[in-house]
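First comes the structure, then the notes that go with it.
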Amino acid sequence: MESRLNFFGHPLAGKVLKHLNSANKVVSDSTLPTATQELVKIRASQINGCGFCTDMHTKDATHAGETPQRLNLVAAWREAKVFTDAERAALELTEQGTRIADASGGVTDEAWENAAKHFDEDQLAALVSLIAVINAYNRVNVIVQQPAGDYQPGQFG
């Protein structure tokens, strides 16, 4: 399988990715817990059917010490007892923020208020930004059909 467009090697696309990567770096350097960041990236990528990002972020999370049990349960987080209340709030916000087109009201006040109980304003800003950035990455990779499976942790720096 090959991608429809070499997005990583294209000059214009490279400029776009540079800006997405810069936004992602701001989030990764924030006080939003790293484990929460990876769970958010994995869940959005699962919802969007982005194999490339699901592969990348499960491998990055494993490399950072995440357990196989938690990774295996991300898609079924509501029924899983292995996530903290803060992680569950972040996953709910991720799902609603990713499925905006599916929900007539967008993100509910309840989901927002629950996230706000667990995260300060800087962390909320990082969380919202992360949800937006991972959705952008997912859409690029799904549109160009970026193949999944070959990613190695740290491959992109």
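Condition first: small (Gly, Ala, Ser) and open to solvent by 40 Å² or more (accessible area, probe 1.4 Å). Now tell me which residues in segment 1-22 satisfy that.
As a first pass, look at segment 1-22 and keep what is small (Gly, Ala, Ser): 3, 9, 13-14, 22.
Hits for segment 1-22 are Gly9, Ser22.
What are the residue pairs meeting all of these: first residue in segment 60-76, first residue closer than 16 Å to Arg88 by Cβ, second residue of a type in the set (D, E, K, R), Cβ atoms under 6 Å, and 6 or more apart or on different chains?
Listed pairs, sorted by first residue: Val74/Arg43.
Taking only segment 77-98 into account, find how many residues are basic (Lys, Arg), surrounded by 12 or more Cβ atoms within 10 Å (Cβ to Cβ) and more than 14 Å from Lys41 (Cα to Cα).
Here is the first cut: in segment 77-98, the residues basic (Lys, Arg) are 78, 81, 88.
Subsequent filtering for residues that are surrounded by 12 or more Cβ atoms within 10 Å (Cβ to Cβ) retains 88.
Keeping just the survivors that are more than 14 Å from Lys41 (Cα to Cα) gives none.
The total comes to 0.
Scan Val26, Val107 and give me the residue that is open to solvent by 30 Å² or more (accessible area, probe 1.4 Å), hydrophobic (A, V, I, L, M, F, W, C) and not in a helix (DSSP H, G or I). Step through it out loud before you land on a result.
Numbers: Val26 fails: not in a helix (DSSP H, G or I).
Answer to the check: Val107.
Restricting the search to segment 114-124, which residues are open to solvent by 40 Å² or more (accessible area, probe 1.4 Å) and either touching a helix residue (DSSP H, G or I) at 6+ places or on another chain (Cβ under 9 Å) or at positive phi (or both)?
Keep residues of segment 114-124 that are open to solvent by 40 Å² or more (accessible area, probe 1.4 Å), which gives 114, 116-118, 120-122.
Across segment 114-124, the qualifying residues are Asn114, Ala116, Lys117, His118.
Quick one: Val74 ticks every box in (1) hydrophobic (A, V, I, L, M, F, W, C); (2) open to solvent by 60 Å² or more (accessible area, probe 1.4 Å); (3) assigned to a helix (DSSP H, G or I) except a single one, so which number is it?
Only one criterion in (1) hydrophobic (A, V, I, L, M, F, W, C); (2) open to solvent by 60 Å² or more (accessible area, probe 1.4 Å); (3) assigned to a helix (DSSP H, G or I) is unmet by Val74, namely (2).
Would you tally the residues in segment 42-55 being over 20 Å from Ala103 (Cα atoms), open to solvent by less than 30 Å² (accessible area, probe 1.4 Å) and touching a helix residue (DSSP H, G or I) at 6+ places or on another chain (Cβ under 8 Å)? It would help to see each step written out before you state the result.
Of all residues in segment 42-55, those over 20 Å from Ala103 (Cα atoms) come to 42, 50-55.
After this cut, where a residue has to be open to solvent by less than 30 Å² (accessible area, probe 1.4 Å) as well, the list is 42, 50, 52-53, 55.
So of that shortlist, the ones also touching a helix residue (DSSP H, G or I) at 6+ places or on another chain (Cβ under 8 Å) come out as 42, 50, 52-53.
Within segment 42-55, residues that are over 20 Å from Ala103 (Cα atoms), open to solvent by less than 30 Å² (accessible area, probe 1.4 Å) and touching a helix residue (DSSP H, G or I) at 6+ places or on another chain (Cβ under 8 Å) number 4.
The values are calculated or read from the model by the stated rules, or taken from the named source; none is laboratory data. None of the values given here were measured: they were computed from a predicted structure. Neighbour counts run over all protein chains shown; Cβ positions are idealised from the backbone, glycine included. The accessibility values were calculated without ligands, DNA or RNA, using every heavy atom of the protein model including side chains. Shrake-Rupley method; radii C 1.70, N 1.55, O 1.52, S 1.80 Å.
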